[in-house]
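Presented below is the structure to which this report refers.
The values are calculated or read from the model by the stated rules, or taken from the named source; none is laboratory data. Predicted model, so just to flag it, every value in this text is computed and none were measured. No Cβ is skipped: glycine too gets one built from the backbone with ideal geometry, and neighbour counts run over all protein chains shown.
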Amino acid sequence: MKIAQEIRAGNVIMNAGAPWVVLKTEYARGGRNAATVRMKLKSLLSNQGTEIVFKADDKMDQIVLDKKDCTYSYFADPMYVWMDGEYNQYEVEAENMGDALNYLEDGMSAEVVFYEGKAISVELPTSVEREITWTEPAVKGDTSGKVLKPAKIATGFEIGVPIFVAQGDKVEIDTRTGEYRRRV
Amino acid sequence: MHLGHAPYYPERMLWDIFCKVIDNHGDIGVCWRLAAELARRGERARLWVDAPAALAWMAPQGQAGVEVRAWTAGSTAEVVPGDVVVEAFGCEPGEAFAAAIARRTRERGRQPAWINLEYLSAEPWVERCHGLPSPVMAGPAKGLVKRFFYPGFTPRTGGLIRERDFDARQAAFDRTAWLRARGLPDAGERLVSLFCYEPPALPRLLAQLAAGDAPTRLLVTAGRAQAAVQAALADSSGPAAGLEGRLAISYLPLLTQTDYDHLLWACDLNFVRGEDSLVRALWAGRPFVWQIYPQHDDAHHAKLRAFLDWLRAPASLRAFHEGWNGIAPGLPAAEPATWAAVAQDARQRLRAQPELVEQLGRTALESQ
């Protein structure tokens, strides 16, 4: 059993007696240190989509499915093709890629998840390192990391980074929250 | 469905509202306000509170249709859940009550509406989460569905509580009579109310008011605000030491919710804190400054910025909020005359939206 804030895009959970793949999660801080997790889901039985929300510490069953370490190979519209260590290729629907699209780059490592033999989603590592391709010029002085400015990585995904981070810097990003962790 | 038409709900519903008092009085203040307004609209409410003592001064008059019950271990045993269950601010009613909800669902073939009433925030994610279902994944109520309800400032949120008789009460308010009844002078001083935690900039505010052009009377609410002011005045090395000048200070007793509104309506500038008093200040339509509930990892900074964005706060009001909340050093000069238009505009925008009790009632009906 996991708690909601541990569930990540690519996981499969049971909801109303059916398996649903988690396409996207959004963690939000409420008042008094409470937090919630919004999830975008897709039914593995009907392909129907839905959105639900949990308290961050709500307990839930995660279905343990087969997974394989793979690397991203290429895009064959509308499928993203991943390859395992034995050069087997697996296609994952664009819609099921979830947050992986935010960080996608050639040769990227992730776990491809299988349900009844079919590749259904991708689970990212909890953090990735990416280069900042755009941000306002770095400002010296504030080293607290609390004052943030917008920045983009190669996919166009936007994150908040401390003001001392410059274009071209590599940063570690928490893929569960989409938040900056540190400069590498 | 609009509140102007009676009856509001097609059938009279019984609401079980659960409230855990964590600190201060904001939780119970919001829950009482909700329960009382539901009852005034013809509903019945059981308010389960783990520490109900504050209601004795907050709402001594009570409200027909509201039954306050002490929420202790085992107090909900043998209770049949009502038509609507509200968990205020994420407090869960406990396994026994969850089992009772499941039992009632099996017996009647229909689940009571089960609503998680969340904290107030102006952040954009609130609109994305408001109204979403939340399947119960574990425990005796596994398989049932709760619904998240977010108060808020925009039409895509749950709105803010505003009583049906609010306008009439405010229109009938007599400032002079209220001040006299409170034993407060009405000598043309600028009146400023203070309800706060312990803002680091408080000594600077006191010094600023004392050095102002116009005489000011600070009306300090009982409890933490009073203690903070007295501590600031007693600090012989602080900016408020030996204050002289144009500032007079009156310490108020604990006020009922109704009388706190009167205080806000009587003052030219209001300092409010937390959630409930912020909402009251917005409805009052007077210039105000908000001290947000501080969170240990500074999560409240983003919440304050989001609120100021929604408020369309001018630079002077933003800077003052940053100083008052300890986000920036110092405290710029207060400009209540400039901020009055902001408060009026905010109230006007909020009034154009459905208020919270109406929306919550609709959600309850749709969730059964």
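Scanning the range A:40-54 for residues that are within 9 Å of another protein chain (Cβ to nearest Cβ) and not β-branched (V, I, T) gives A:E51, A:F54. Annotation note: of A:D66, A:D61, A:D77, A:D57, the sole residue that is more than 18 Å from the chain's Cα centre (by Cα), under 22 Å from B:A138 (Cα atoms) and modelled with pLDDT of 90 or more is A:D57. If only residues of the range A:109-123 that are under 14 Å from the mean Cα position of the chain (by Cα) and within 18 Å of A:K42 (Cα to Cα) are counted, the one that is surrounded by the fewest Cβ atoms within 10 Å (Cβ to Cβ) is A:E123.
Please enumerate the residues belonging to the range B:48-67 that are of a type in the set (A, V, I, L, M, F, W, C) and either part of a strand (DSSP E or B) or surrounded by 19 or more Cβ atoms within 10 Å (Cβ to Cβ) (or both). Matches in the range B:48-67: B:W48, B:V49, B:L55, B:M58, B:A59, B:V66.
Among the residues making up the range B:32-44, those that are part of a helix (DSSP H, G or I) and in contact with a Phe, Trp or Tyr (Cβ under 8 Å, 6 or more places away or on another chain) are B:A35, B:L38.
Within the range B:181-197, which residues are within 30 Å of B:N24 (Cβ to Cβ) and not hydrophobic (A, V, I, L, M, F, W, C)? Selection gives B:R182, B:G183, B:P185, B:E189, B:R190, B:S193, B:Y197.
Consider the range A:4-23 and keep the residues that are out of contact with any Ser or Thr (no Cβ under 7 Å at 6 or more places or on another chain), crowded, with 17+ Cβ neighbours inside 10 Å and within 12 Å of chain B (Cβ to nearest Cβ). The one that is farthest from A:E116 (Cα to Cα) is A:A4.
Mind listing whichever residues of the range B:142-157 are outside any strand (DSSP E or B) and either within 11 Å of chain A (Cβ to nearest Cβ) or modelled with pLDDT under 95 (or both)?
Start the filter on the range B:142-157 by keeping residues that are outside any strand (DSSP E or B), which leaves B:142-144, B:150-157.
Those that are outside any strand (DSSP E or B) and either within 11 Å of chain A (Cβ to nearest Cβ) or modelled with pLDDT under 95 (or both): B:K142, B:G143, B:L144, B:Y150, B:P151.
One line per residue, one yes/no per condition, for (1) of a type in the set (A, V, I, L, M, F, W, C); (2) at pLDDT 95 or above:
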| position | (1), (2) |
| --- | --- |
| B:F173 | yes, yes |
| B:D186 | no, no |
| B:L194 | yes, yes |
| B:P199 | no, yes |
| B:L202 | yes, yes |
| B:A210 | yes, no |
| B:L219 | yes, yes |
| B:A222 | yes, yes |
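Residues in the range A:50-64 that are touching a Leu at 6+ places or on another chain (Cβ under 7 Å) and not charged (D, E, K, R): A:T50, A:I52, A:V53. The single condition among (1) under 30 Å from B:A172 (Cβ atoms); (2) touching a residue at least 40 places away in the same chain (Cβ under 8 Å); (3) not hydrophobic (A, V, I, L, M, F, W, C) that B:P199 does not meet is (1).
The selection criterion, being away from every other protein chain (no Cβ under 14 Å), over 19 Å from the mean Cα position of the chain (by Cα) and modelled with pLDDT under 95, does not hold for B:A228.
Scanning the range B:108-129 for residues that are modelled with pLDDT of 95 or more, more than 9 Å from chain A (Cβ to nearest Cβ) and either crowded, with 17+ Cβ neighbours inside 10 Å or not in a loop (DSSP other than H, G, I, E, B) (or both) gives B:Q111, B:P112, B:A113, B:W114, B:I115, B:L117, B:A122, B:E127. Just need a number here: residues in the range A:134-154 that are in a loop (DSSP other than H, G, I, E, B), within 15 Å of B:I327 (Cβ to Cβ) and modelled with pLDDT of 75 or more. The total comes to 1. The residues listed here are B:L317, B:L254; of these, the one that is of a type outside the set (G, A, S), in contact with a helix residue (DSSP H, G or I) (Cβ under 8 Å, 6 or more places away or on another chain) and in a helix (DSSP H, G or I) is B:L317. For the range B:257-290, a residue qualifies if it is part of a strand (DSSP E or B), touching a helix residue (DSSP H, G or I) at 6+ places or on another chain (Cβ under 6 Å) and within 14 Å of another protein chain (Cβ to nearest Cβ), and exactly one does: B:W290. Take the conditions (1) within 20 Å of B:E366 (Cβ to Cβ); (2) surrounded by fewer than 21 Cβ atoms within 10 Å (Cβ to Cβ); B:A45 misses just one of them, which is (2). Checking the structure you have, find out if any residue of the range B:26-34 is without any contact (Cβ under 8 Å) to a residue 24 or more places away in the chain and either in contact with a Gly (Cβ under 7 Å, 6 or more places away or on another chain) or not polar (S, T, N, Q) (or both). No, the range B:26-34 has no match at all. On the stretch given as the range B:199-239, residues that are in contact with a strand residue (DSSP E or B) (Cβ under 9 Å, 6 or more places away or on another chain) and assigned to a loop (DSSP other than H, G, I, E, B) total 7.
Pairing residues of the range B:250-273 that are more than 19 Å from B:W290 (Cα to Cα) with residues that are assigned to a helix (DSSP H, G or I), at Cβ distances under 6 Å and at least 6 apart in sequence or on separate chains, gives B:Y251/B:Q226; B:L254/B:W57. Close contacts from the range A:170-184, counting a first residue that is of a type in the set (F, W, Y) and a second that is crowded, with 17+ Cβ neighbours inside 10 Å, with Cβ to Cβ under 9 Å and a gap of 6+ residues or different chains, come to A:Y180/A:A151; A:Y180/A:I159; A:Y180/A:V161; A:Y180/A:P162; A:Y180/A:V165; A:Y180/A:V171; A:Y180/A:I173. In this structure, B:A99 does not satisfy being part of a loop (DSSP other than H, G, I, E, B) and surrounded by fewer than 19 Cβ atoms within 10 Å (Cβ to Cβ). Within the range B:315-342, if we keep just the residues that are within 14 Å of chain A (Cβ to nearest Cβ) and among the aliphatic types (A, V, I, L, M), the residue that is nearest to B:R162 (Cα to Cα) turns out to be B:I327.
Of the residues making up the range B:293-314, those that are away from chain A (no Cβ under 14 Å) and either in a helix (DSSP H, G or I) or hydroxyl-bearing (S, T, Y) (or both) are B:L308, B:D309, B:W310, B:L311. Report yes if B:A343 is of a type outside the set (S, T, Y), in contact with a helix residue (DSSP H, G or I) (Cβ under 6 Å, 6 or more places away or on another chain) and either within 20 Å of B:R273 (Cβ to Cβ) or in a loop (DSSP other than H, G, I, E, B) (or both), otherwise no. Here the answer is no, as B:A343 does not meet what is asked.
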